[in-house]
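The values are calculated or read from the model by the stated rules, or taken from the named source; none is laboratory data. Keep in mind it's a predicted model, so treat the numbers as computed, not measured. When we count neighbours, we look across all protein chains shown, and the Cβ atoms used for this are built from the backbone with ideal geometry, even at glycine.
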Amino acid sequence: MMKRVCAVRNLHTYNPSCRKSFGKKSPTLEFKQPPDTESKRLSPDDIKFIRESFLKRTNWLEPNIQLKSLPQIYREYEKRFLSRYIRPSKFWYETLWLNNDTKPPFNKLFLNNPLPDSISKKQLLNFDYNDLAKTPLKIRDLAILRATPSELSMCVQLPESVEDPRYTFASRSGKLYFVYRSMIKIRIPYQVPKGIQGLILKELQHEFSPIGTLKSNTKDTFILPYLARNLLSRTGLSDINKAASYQRPIVMKKLELLHRYLQNDKGPTSIPFTHLINLVNKLDLSQALHLQAGNDYIINLIKEANDPPSIMNASLTIAVYWSLVELSETFLWDGINRNSASLFPTTVTVLPLLSYRVHYTELIEDLERNNYKQLNKFSNLVNDKNYQEIEQSFSKIINLLQEYTAGNLQNNPKITTLISKLFRGIKEYQRCDITRDLCNELLMKFPSIKPNSNPLLKNHDLATRADSQHGQRQQILYDYVKPNDLLIQESLRDRFDFGDLRVYCIDSETAHEIDDGISIEKKFNGKFTLHIHIADPAIFFPECNNEKGVLGLQDDVLKIAYENSFTTYLPDTVVPMLPKSYCKMADLGINGKKTPSISFSVDVILNKEKSNLKICYDTFQIRLGLVSNFPKATYDNVDDILSSEVNSEQKLLQDDLRQLSMIAGILRNKRTQENGAITFGEGFNRGTPKYSEDSETESDVISFVDQKNTKSNELVTELMILANTLCGRYFKENKIFGVYRCYNDLNLEPKAKMQYNKLREECKNGKLPTLEDIVKVQSLLNSSYYSEHPSRHDMIGSEQYLTVTSPLRRFTDLVSHIQLHNHLKGHPLPFNQKAIRNFVPHIQSRADKLRKISTESNVCMTLSYLKNLLKTKPDTMFDVKITSVPSEGRARCLIPEYSFARGEIRLSPSLKVYPKVGDTVNSCKVVKISCVDGILEFNK
């Protein structure tokens, strides 16, 4: 038990003028004592009497009080300070700051805390935007965390192991936070003196209570040494925080003004985050607010400032981010979309003024009027089950519930309060938690809403074409537009006709687009020519024949394709990137029809005995082709052919497919063994929900499929990777501008790096990762990203990777095809580097949004299935795998049979040892499911 200390001033006086001094030995604190004048007036007996009488009077009130003199208190304070702060700082200085050229003497550094000459203020406050994606999160980078949204923290330690893959961050005060990458909202690259190898230390043992933070066990505490904290927080965190806070009021005004010019009254739009920062930086309020010239000034500024410089100001970036978060409550801005590779925002959603700001402000006022009269009436009608009258009289409230359920109004506290008020008036839901799932349950009661419809389809991040006036106009164009016959006929000239060459378009029976095919030609002495034929929708656009050298997007359909960027695949719906008429016209696979293609060909030399393959890079060529011979080839059909005995009727097909399969297998081994690629097997993506409709009962059916690692799947995957890798090399060598796909391994501590490399070694030896392996390393995996610069793709094992194999469903591939058309014809490229650079943020943002919505839809569908299962079998138990480090009696987990059934488990306090990442906990009971919110909780 701690002892209370009482210092009696008249027993010993102390002169507060004390000083710190550091010698060659461990630093100590020295105190100079003045003559004890008061004690001279008291005899020893007097002092003894005072002590005894004081303790006697306070004994019953504070039995553990201990009387100490001031010099004794200061001596103990000196000892504690020495143990807790000085010695750890000296240890850090001597062991983790290895470059003697950049560090001042310890005594001077500790006393004065000067900024080293090697770092300037300009370096502190500016960073290179291009470094964000190229350089993964590293020690000393700054970030805003979910746990601390109003201040910057600094990364002080990388993931240590698969058992604990969390990053450690420190605040300005030295408080430590242990977080996953998903909890980082925005990251700022930051530099400190060279030679510093680490910042965090395990707290040294001493006789006093520890001041550090517990991490993953109850024994070891960790600290950011006092010296490191002062040196870095003063020159980094504090300066940027102060500068951002100072700029924030002006930034708010600028964003409110810019919103008027950037918003589109036809629906939500998006703007690259970097472009918005550039606009805020360049906007001069004195010119913008000029009565006559202000309007023209802002319009011209927006036109000219869409190409931001790569060097960005850190404090302005943070000020804009904070302002956008605050303004999201006012229906002006929403959806700061962050890329999980760079950990930096890509785009910001701009909400339309009338349909959001004005509409919801007026709606809130109406619903609050007369003591919530309309809400009460709505609730009473629900209690009476009068849903038809609700639909006739309260369409605005129904729309509000739909928007909230879709995730569009999460940032406004007034909306949340109104919805809570509504449900508290409904008897059936009075005791329920107010969730998006509850809103959806209520909406399903209305006759006009289709049962089991996906509520996320109205999310404005998804931007389906039925969601706004702008989208509806796009859909009308898509419904009626057809490819230009003149462009098609002109494009068919001067193409290489592959004649009867067999082209295998291997895909599923239900594929929406057939955009790739594979051929093989046997030469001599083990030499083969591989052909990868890709559908050629670029011929439908005038940009593919750029004789006049026109820059940028010209065709309206191509502009919409850019807005979509990808075909949207959700369990219950598909939204194509291109019009159906374009896809149908460009599709490969119609036997006997001469179909345009872009064909990529390369010779390979196969040594069957040694299972070796040589790619003859100098033979690689790209041709505009015509293909027409398409033998039937689905994944199941090809697997049957590869596994069956030789059939004289199918001998040619079997020979082709077996040669292709052998080559694909060697290509995969080559990627893993020579290039360090990582491939995932059947442990990945198990139990993906599949939506279908029973035609007899007209009811929805949810089934689950596992990702298969079959020979046919491997064949297609490896040949497509080969084509994309060769094209990446070709674009780089020929200086053709394109959108590259890149991937960088994360920065990790030595043990974590070793465990990650072990997975790579197992792949090299032909062992595919199991589900347990994937669960363990998933937090050590980065995300891929798009870039205008050729850069390595570590996961695939390619020095540069540029996708060209899916132009019907990826805008990046379509752009590559248009560039290739003009390159092969000797015409000017329609997209220069600036155009490609401006494409990248939007494409990246769309990729991130669609991945997020797709995941949420799959989660919603999976949890709906489990919820219905538990209604019929409430005692069902599940075995779950732990996917995170247990903290405060909770850990994240998943059901192995269902990849999207991810949730949280409450662990019993009686457990002596908590399970580790990758461990299985058997027989767990589901205690809570919220499908739309993605909440799944287990109890053991």
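Kindly check whether there is at least one residue in the range 835-856 that is outside any helix (DSSP H, G or I) and at negative phi.
No: zero hits.
From the set of residues in the range 332-375 that are crowded, with 20+ Cβ neighbours inside 10 Å and among the aromatic types (Phe, Trp, Tyr), which is nearest to Leu262 (Cα to Cα)?
If we take residues in the range 332-375 being crowded, with 20+ Cβ neighbours inside 10 Å and among the aromatic types (Phe, Trp, Tyr), then Trp333 is nearest to Leu262 (Cα to Cα).
Among the helices (runs of 4 or more DSSP H) contained in the range 188-292, which hold 3 or more residues that are in contact (Cβ under 8 Å) with a residue 24 or more places away in the chain and surrounded by fewer than 18 Cβ atoms within 10 Å (Cβ to Cβ)?
Result: 238-262.
Can you tell me which residue is surrounded by the fewest Cβ atoms within 10 Å (Cβ to Cβ) among those in the range 531-587 that are within 27 Å of Ser519 (Cα to Cα) and of a type in the set (Val, Ile, Thr)?
Thr567
Checking the structure you have, find out if any residue of the range 849-865 is farther than 24 Å from Thr346 by Cα and touching a helix residue (DSSP H, G or I) at 6+ places or on another chain (Cβ under 6 Å).
No; the residues of the range 849-865 include none that is farther than 24 Å from Thr346 by Cα and touching a helix residue (DSSP H, G or I) at 6+ places or on another chain (Cβ under 6 Å).
Here are the criteria: (1) surrounded by fewer than 21 Cβ atoms within 10 Å (Cβ to Cβ); (2) more than 20 Å from Glu714 (Cα to Cα). Tell me which single one Ala511 does not satisfy.
That leaves (2) as the condition not met.
In the range 908-926, how many are surrounded by 13 or more Cβ atoms within 10 Å (Cβ to Cβ) and either in contact with a helix residue (DSSP H, G or I) (Cβ under 8 Å, 6 or more places away or on another chain) or closer than 21 Å to Asp875 by Cβ (or both)?
Final tally of qualifying residues: 7.
Which of the residues belonging to the range 409-431 are closer than 14 Å to Asp334 by Cβ and without any contact (Cβ under 8 Å) to a residue 60 or more places away in the chain?
Those that are closer than 14 Å to Asp334 by Cβ and without any contact (Cβ under 8 Å) to a residue 60 or more places away in the chain: Leu409, Gln410, Ile415.
Please find, within the range 717-759, the residue that is nearest to Asp773 (Cα to Cα) out of those that are in contact with a helix residue (DSSP H, G or I) (Cβ under 8 Å, 6 or more places away or on another chain) and surrounded by fewer than 17 Cβ atoms within 10 Å (Cβ to Cβ).
Per the criteria, the residue is Thr717.
Residues that are in contact (Cβ under 8 Å) with a residue 60 or more places away in the chain and within 20 Å of the chain's Cα centre (by Cα): does the range 876-884 have at least one?
Checking the range 876-884: at least one residue is in contact (Cβ under 8 Å) with a residue 60 or more places away in the chain and within 20 Å of the chain's Cα centre (by Cα).
Going by the conditions given, is Ser628 surrounded by fewer than 20 Cβ atoms within 10 Å (Cβ to Cβ), under 14 Å from Phe498 (Cβ atoms), touching a residue at least 24 places away in the same chain (Cβ under 8 Å) and in the same structural domain as Thr725 (by TED's automatic domain parsing)?
For Ser628, the condition - surrounded by fewer than 20 Cβ atoms within 10 Å (Cβ to Cβ), under 14 Å from Phe498 (Cβ atoms), touching a residue at least 24 places away in the same chain (Cβ under 8 Å) and in the same structural domain as Thr725 (by TED's automatic domain parsing) - is met.
With the condition kept exactly as written, say whether any residue in the range 804-824 is among the β-branched types (Val, Ile, Thr), touching a helix residue (DSSP H, G or I) at 6+ places or on another chain (Cβ under 6 Å), in a loop (DSSP other than H, G, I, E, B) and crowded, with 22+ Cβ neighbours inside 10 Å.
For the range 804-824, residues among the β-branched types (Val, Ile, Thr), touching a helix residue (DSSP H, G or I) at 6+ places or on another chain (Cβ under 6 Å), in a loop (DSSP other than H, G, I, E, B) and crowded, with 22+ Cβ neighbours inside 10 Å: present.
Go through the range 877-922 and report how many residues are of a type in the set (A, V, I, L, M) and assigned to a strand (DSSP E or B).
Final tally of qualifying residues: 9.
Mind listing whichever residues of the range 175-202 are over 27 Å from the mean Cα position of the chain (by Cα) and modelled with pLDDT of 85 or more?
Leu201, Lys202
Would you mind telling me which numbered condition in (1) more than 25 Å from Tyr756 (Cα to Cα); (2) of a type in the set (D, E, K, R); (3) at pLDDT below 85 Arg146 fails?
Here Arg146 clears every test but (3).
Just for helices (runs of 4 or more DSSP H) wholly inside the range 370-471: which have at least 1 residues that are aromatic (Phe, Trp, Tyr)?
Passing ranges, in order: 387-393, 395-406, 413-424.
Among the residues of the range 722-733, is there at least one that is of a type in the set (A, V, I, L, M, F, W, C) and more than 13 Å from Ser798 (Cα to Cα)?
Checking the range 722-733: at least one residue is of a type in the set (A, V, I, L, M, F, W, C) and more than 13 Å from Ser798 (Cα to Cα).
Got a sec? Which of Ile299, Ile311, Ile318 is exposed (fewer than 15 other Cβ atoms within 10 Å of the Cβ), in contact with a strand residue (DSSP E or B) (Cβ under 8 Å, 6 or more places away or on another chain) and under 22 Å from Asn281 (Cβ atoms)?
Checking each option against the conditions leaves just Ile311.
What's the number of the only condition in (1) outside the structural domain of Ala538 (by TED's automatic domain parsing); (2) surrounded by fewer than 18 Cβ atoms within 10 Å (Cβ to Cβ) that Ile929 fails to meet?
Every listed condition holds for Ile929 apart from (2).
Return the pairs, sorted by first residue and then second, in which the second residue is among the small types (Gly, Ala, Ser) and assigned to a loop (DSSP other than H, G, I, E, B), the first residue lies in the range 500-526 and is over 14 Å from Asn629 (Cβ atoms), the beta carbons are less than 6 Å apart, and the residues are 6+ apart or on different chains.
Ile506/Ala633; Ile514/Gly589; Asp515/Ser806
Looking only at residues in the range 699-721 that are in contact with a Leu (Cβ under 8 Å, 6 or more places away or on another chain) and of a type in the set (A, V, I, L, M), which one is nearest to Met795 (Cα to Cα)?
Ile721
Could you check, for the range 642-650, whether at least one of its residues is of a type in the set (Val, Ile, Thr), surrounded by 13 or more Cβ atoms within 10 Å (Cβ to Cβ) and either in the same structural domain as Gly826 (by TED's automatic domain parsing) or modelled with pLDDT under 90 (or both)?
No - not one qualifying residue is present in the range 642-650.
For the condition under 21 Å from the mean Cα position of the chain (by Cα) and surrounded by fewer than 21 Cβ atoms within 10 Å (Cβ to Cβ), what is the one hit in Ser783, Ser779?
Checking each option against the conditions leaves just Ser783.
Each row is one residue, and each column tells you yes or no for (1) outside the structural domain of Pro189 (by TED's automatic domain parsing); (2) in a helix (DSSP H, G or I); (3) farther than 30 Å from Phe423 by Cα.
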| position | (1), (2), (3) |
| --- | --- |
| Ile302 | yes, yes, yes |
| Met312 | yes, no, yes |
| Val320 | yes, yes, yes |
| Gly335 | yes, no, no |
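Suppose we filter Glu749, Glu761 for residues that are in contact with a Pro (Cβ under 7 Å, 6 or more places away or on another chain), closer than 22 Å to Ile678 by Cβ and not assigned by TED's automatic domain parsing to the domain that holds Pro136; which single one remains?
Of Glu749, Glu761, the one residue that is in contact with a Pro (Cβ under 7 Å, 6 or more places away or on another chain), closer than 22 Å to Ile678 by Cβ and not assigned by TED's automatic domain parsing to the domain that holds Pro136 is Glu749.
If I filter the range 488-507 for residues that are small (Gly, Ala, Ser), under 40 Å from the mean Cα position of the chain (by Cα) and not in a loop (DSSP other than H, G, I, E, B), do I get at least one hit?
Looking for residues that are small (Gly, Ala, Ser), under 40 Å from the mean Cα position of the chain (by Cα) and not in a loop (DSSP other than H, G, I, E, B), one finds none in the range 488-507, hence no.
Name the single residue that is surrounded by the fewest Cβ atoms within 10 Å (Cβ to Cβ) among those in the range 666-712 being at pLDDT 85 or above, closer than 25 Å to Ala511 by Cβ and among the polar types (S, T, N, Q).
If we take residues in the range 666-712 being at pLDDT 85 or above, closer than 25 Å to Ala511 by Cβ and among the polar types (S, T, N, Q), then Thr710 is surrounded by the fewest Cβ atoms within 10 Å (Cβ to Cβ).
Could you check Arg810 against (1) among the charged types (D, E, K, R); (2) touching a residue at least 12 places away in the same chain (Cβ under 8 Å); (3) not assigned by TED's automatic domain parsing to the domain that holds Pro542 and say which number it fails?
All conditions are met except number (3).
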